Amino acid sequence: MASGAPEQRQGDGKGEEGACGSLSAAGSSPRDARARRLFSVSPKEDGREEAEPEAEPLPLQCPSHLGALTGREKVALYCDHLLKGCKAEDANEAVSKYLLGKLKMKEKWLGVWKTNPELFFVNAEEIPIPYVGVLVEVFCKLPKNPSANFKVSASVAEPFSSNIANIPRQLVDEVLEEMDHCVPLLEIYPVDGQDSIVFDIAKALEIVRFFYDFLWRDWDDDENSETYAALIEERIKIWCDIQNGIIPAPIAHRFRRNLEKYKSMHLELIHYQSNIKEEPTAEEAVECWKKYYELIMLCGLLKIWEDLRLRAHGPLTPRILKRRKGRRDDGKTVTYIVSKTVTAEMVKELSTDTLLHQHDNLNLALDSCYSGDNVLIFPGEYKAANLSMLTEDITIKGVGRPEEIVIVSDPAHENFVVSRAQNLKLMNITLIQKGTVDGIIVVESGHTVLENCVLKCEGTGICVLAGASLTVSNSEITGAQGAGVELYPGSTAMLEGNKIHHCNNFRNSDSSRGSLGGINIKVLPAPKLKMKNNHIYSNNGYGVTIIKPSEQLCATAEGTVECAAAGDGEDSVSKLMQELSLEINTNILEDNIKGISIVN
């Protein structure tokens, strides 16, 4: 871990405040048999024993400051105020300077010390509490060398208070004496009801704890100042997505688990190395390298998580494994009616020789399909996990207006609509993305057609991967956190008569990410795009963004096209558009940051 970054804190403060619990003697035992028993007694003169008085409930802590901030406000706090464009290697110093500036205003105050139960009890993992909390008086003497990881003097405050009602006062005093009455500053949570200076200290401690618990990584020293703020912003966005349920709970749990595992493994490696006093043996050297490479692998996994596009389409993302069935052996096709009930009026427009099957479950209908089949969905709201495993050439059509046929994603699944079909058609439906991390529609291969559809996104919009093709007409795409349509190298898209608006609504400091808005095009090899009569508006980014890899420029008959930054001359844009096989006619681009941008 980089110098100045605090080690993993065990007391996370997630228990209920002000409530005292009791531990039974069977639950665990004190770590020192001589004096540390869960129920401490003192002898009387007549030989009888008297139990120690119970600890009072903990007082309320200062209320959370970060919990009331929006994602944008958190970005402004950390990227624009706390870090102020500094390099990653200077982040610890900037954070420490901020915290020490608050602490110097007051030396003594009351706080709740929250620490690992292992400090007090043997078999602490059996104790049903996340921390041991004790009311202490803090004496804060600032160190000569700035660090957010310094310790402060702490002594038990009166009245004796804890989240464990029957914890012995003597046990707490002994633990503090062993620690020379010095405890980590970040384990202290100031008590509410003191003066405004202590309230400011509480806010500062919360801000610093969040930085080291969730935003800081040991590998950040490799990041430069131009990209570090964007990296911190992306981590804040991940945290907000987890809190708001945009990232499904199972995936969020896996991410948290991997992050905690990384911190634990990093500390384990440091402690293992520090215990080798002399020249390491062959076995010790092998063990060190083993731990190191395990750490590197986990680090790579976390880095993938921190990039939305790698998270959605990276090497660890589950792909469609469903076998393509093709057409039925008898060559017949079936039309599936998805509705609670079926009447003659509903199917009167179908030919008399149409083979009909009725389902009230869209998932079952999709699972029954062979290539060439049709799925007719009648008004209602549906969910279907099998939309993420589309391999057959089918038509999925809503019967009625798009707003009447609503399909909502299932937060328990990572993907919403993913297609590997050679020819898939979606018509007259509304897709509402809730809780999936991928694009609302991902075309992995083959050709997907959308007609008269409404796409209400939460993650990225439509993603067209390498070699795949997309046709979208008379449809609406809105609310995407990335681009409304994202074209990967070697893909093809035809867009006509669509509305793409209010996309990329989360500010990002990195220009190559923050400029995303309506359409995002990645080149080399160049995708092909045809646009006609589209309305691209009110996006927090550019209408069309062309992303070129750095140091690789597109060759033309006349030579090399120079890199064109946002707002460069029309000649550079038109040359690159010609090279990219872009056909853009009679489109309206308004209320975006810019019309067309070319970035590296």
Problem set entry | Global form of region 59-105, assessed from the alpha-carbon gyration tensor, a/c cut-off 1.5 | oblate
For this session: Please report, largest first and rounded to whole Å, the three semi-axes of the ellipsoid equivalent to region 56-139, where each semi-axis is the square root of five times an eigenvalue of the C-alpha gyration tensor.
Result: 31, 17, 16
Problem set entry | Residue order for W239, W289 - accessible surface, 1.4 angstrom probe, largest first | W289, W239
Exercise. Taking the Cα centre of region 361-461 as the origin and placing charges on Cβ (Lys, Arg +1; Asp, Glu -1), which of A421, C457, T391 is farthest toward the positive end of the dipole?
Worked result: C457
Exercise. Looking at this model, which pairs from K303/K383; K104/K237; K102/K261; K151/K261; K322/K383; K141/K261 are more than 27 angstrom apart at the alpha-carbon?
Worked result: K303/K383; K104/K237; K102/K261; K141/K261
Problem set entry | Rg and Dmax [Cα atoms of region 163-225; Å; Rg one decimal, Dmax integer] | 16.8, 51
Exercise. Per-residue HN-Hα couplings for region 91-108, Karplus 6.51 cos²θ - 1.76 cosθ + 1.60 at θ = phi - 60°, whole Hz, x for Gly and Pro?
Worked result: 5, 4, 5, 5, 5, 5, 4, 4, 5, 5, x, 7, 5, 5, 6, 7, 8, 10
Exercise. Rounded if a/c is under 1.5, else prolate if a/b beats b/c, else oblate: with a ≥ b ≥ c from the C-alpha gyration tensor eigenvalues square-rooted, which is region 447-500?
Worked result: oblate
Exercise. With respect to the cross-link table entries K263/K290; K348/K530; K203/K291; K425/K522; K340/K434; K397/K522, which display a Cα-Cα separation exceeding 28 Å?
Worked result: K348/K530; K203/K291; K397/K522
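The values are calculated or read from the model by the stated rules, or taken from the named source; none is laboratory data. These numbers come from a predicted model, not from an experiment. Reconstructed Cβ throughout: ideal geometry from the backbone, glycine too, with neighbour counts over all protein chains shown. To get the accessible areas, we keep the full protein, side chains included, count just its heavy atoms, and leave off ligands, DNA and RNA. Shrake-Rupley method; radii C 1.70, N 1.55, O 1.52, S 1.80 Å.
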